[in-house]
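Reviewing the structure listed below.
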Amino acid sequence: MKLEYISKSEYCRRYMRYLGAAKTARRSYFESLKLLESKGFKEISSFKTLKPGDKVYRGYGDRTIMAAVIGKKKISESGIKIVGGHTDAPRLDLKPRPLYEKGGYVYFDCHIYGGIKKYQWLTLPLALYGTIVRKDGSKVDVAIGDGSDDPVFMISDILPHLGKDQEKKKVNEFFPAEDLDVVCWTSGEKPLEALKAYLKKKYKVSEEDLLSAELEIVPAGMPRYVGLDESLIAGYGHDDRVCSFAALTALLDAAQKTPEVTASMLMCDKEEVGSMGATGMQSSFFENTVAEFIERQEKNPRDIMVRRALEKSSMLSADVTAIADPHFPDVDSTGNSARFHKGPCASKYTGGASKGGASDCSPEFVAKIRKIMDDGGVVWQMAELGKMEKGGGGTISQYMARFGMDVLDMGTGLWNMHAPWELASAFDCHETYKAYSAYLRS
Ligand code: MN
Ligand code: MN
């Protein structure tokens, strides 16, 4: 049976809109919920039982989400098909006491989140997003920098005329992390007092309220096509919203017809800092969610059913990889590097040199995926992240593979990974969605 897909132009339009709106894990979460609910998905507590065709989701901590369309076969017997990615992205977080004055100007004191190259964040228009929680539990949502009349923020750099000493330093040393601070108020005799008064008036929050806030500095601006052929997309947070949005869209395809095996998508947080914490993939969220599903499918649910379901499940770990850049041939793994416009990239293993920390997929599962991709008319490629001994990277695949399930890394390739503006191929974005859609419908 020939699979139908959303067209490339329509898919990219939807993805770019999502990417522009979902600049934090929390905003990705709410954008995704909106989409799921508009397609008939319901929160798990509203189901007493789960039957084939039911569209269900479970969220946690306003950041992590698993959504599924229940298959004809029981989860305890056939497991679940999963496409899972993450929605957090490298950025600068405001410190708990973020306000300080230096030389008569006020700055936000920032802490790095995830692996960034510090110099890339200088002299760029930046936006501020997040949530401030007052002592009484009331919340203030902050979004400054992407509205058409909004101001933006910036980290300043020294002018080249006076940069003689700076340019002699190593690239990771010339700008200390502690100086990655954003200028936010420069006028008046008492700028810090003026800013506090502004926060009180505009947001009804005190400086103390910032102790219980989660405020994030991200690049300001919307995703754009790049090049006269408009075949690349520049966006903040392609890693990993390019894959997690593709997973979400693929699940909506799968939900149009009751699948044999339950099909699901997983979006998690904190991948860029090691998948720790209650909303990271090392938490019990995924197992707990499978247990919640099984409890609603079985007359006598038992813990062993959850273990069996996990072992029988399989997954495409939906995360980005590197596209070979002709300007940096030193890091390319000759003949094993990914290229633009050749579809999503499967990586049989992640990790570094000597496969340290690798999640290495079985050839049996790779063969199954090859067949699904070819039957589904998906253009895809196989590659590794780069040359041995030049570095390496991991994804959430290792945390899922430990349950005994088959996991293959497969996602969109990027230039500028972890830079404020990452580049992906529009063709690859669309084929990534097609790959996940074909897998969930297989
Ligand atoms: Mn990633
Ligand atoms: Mn990353």
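No lab work stands behind these numbers, since they all come straight from the coordinates. Source: prediction; values computed, not measured. FYI the Cβ positions are ideal-geometry reconstructions off the backbone, even for glycines, and counts take in every protein chain you see.
Rg and Dmax of the stretch 313-438, Cα atoms, in Å?
For the stretch 313-438, the Cα radius of gyration and maximum Cα-Cα distance read 13.8, 41 Å.
Per the Kirkwood definition applied to all pairs of different Cα atoms, how many angstroms is the hydrodynamic radius of the chain?
Kirkwood hydrodynamic radius for the chain: 22.9 Å.
So between Glu287 and Glu364, what do we pick up on full extension, going 0.36 nm a residue minus the alpha carbon distance?
Values: separation 77, 0.36 × 77 = 27.72 nm, distance 2.48 nm.
So the chain would gain 25.2 nm between Glu287 and Glu364.
With just the Cα atoms of the stretch 121-274, tell me how far they stretch along each of the three principal axes, in Å, largest first.
68, 49, 34
Between Asn172 and Lys299, take the C-beta separation as r, use R0 = 60 Å, and let me know the FRET efficiency to the nearest 0.05.
About 0.50, to the nearest 0.05.
When Rg is the radius of gyration of the Cα atoms in the stretch 198-312 and Rh is its Kirkwood radius, what does Rg/Rh come to?
Rounded to two decimals, Rg over Rh is 1.11.
As I understand it, the value is the acute angle between the Cα axis of helix 303-312 and the longest principal axis of the Cα atoms of the chain; what does it come to in degrees, rounded to 10?
On a 0 to 90 degree scale, this one is about 90.
Please report Tyr436, Tyr119, Tyr11 as a ranked list, fewest other C-beta atoms within 10 angstrom at the top and most at the bottom.
Fewest to most other Cβ atoms nearby, the residues stand as Tyr119, Tyr11, Tyr436.
What ³J(HN,Hα) values, in whole Hz, does the Karplus curve 6.51 cos²θ - 1.76 cosθ + 1.60 give for the stretch 398-415 when θ = phi - 60°, with x put for Gly and Pro?
For the stretch 398-415, the Karplus curve yields 4, 6, 8, 4, 5, 6, x, 7, 6, 9, 10, 6, 7, x, 6, x, 10, 9 Hz.
Direction-averaged shadow area of the convex hull around the Cα atoms of the stretch 108-147, nm²? Please list the in-between numbers first.
Numbers: hull surface 16.7 nm².
Over every viewing direction, the Cα hull of the stretch 108-147 projects on average to 4.2 nm².
Any chance you could give the angle, 0 to 90 degrees and rounded to 10, that helix 363-375 forms with the longest Cα principal axis of the chain?
Taking Cα atoms only, the helix is inclined about 90 degrees.
Hey, if you drop one equal point scatterer on each alpha-carbon of the stretch 1-143 and run the Debye formula without solvent, what base-10 log of I(q)/I(0) do you get at q = 0.09, 0.18, 0.22 Å⁻¹?
Log10 of I(q)/I(0), two decimals: -0.45, -1.26, -1.53.
Under a straight-distance cross-link criterion of Cα-Cα below 20 Å, which lysines are reachable from Lys201, leaving out those fewer than 8 residues away in the same chain?
Lys135, Lys139, Lys190
Rounded to the nearest 0.05, what FRET efficiency do Asp374 and Asp157 give with R0 = 35 Å and r taken as the Cβ-Cβ distance? Could you check?
Once the sixth-power term is evaluated, E becomes 0.10.
Show me the three semi-axes of the equivalent ellipsoid for the stretch 316-389, from the C-alpha gyration tensor (sqrt of 5 times each eigenvalue), largest first, rounded to whole Å.
Semi-axes (√(5λ), whole Å): 22, 17, 9.
With everything on Cα atoms, drop me the angle between helix 426-440 and the longest principal axis of the chain, reported from 0 to 90° to the nearest 10.
With rounding to tens, the tilt is 40 degrees.
Name the residue farthest towards the positive end of the dipole of the stretch 251-347 from the options Val290, Ile304, Met276, assuming +1 on Cβ of Lys and Arg, -1 on Cβ of Asp and Glu, about the Cα centre.
Ile304
Based on the mean of other beta carbon atoms within 10 Å per residue, what is the order of 161-170, 407-416, most packed first?
Per-residue Cβ counts within 10 Å, averaged per peptide and sorted highest first, yield 407-416, 161-170.
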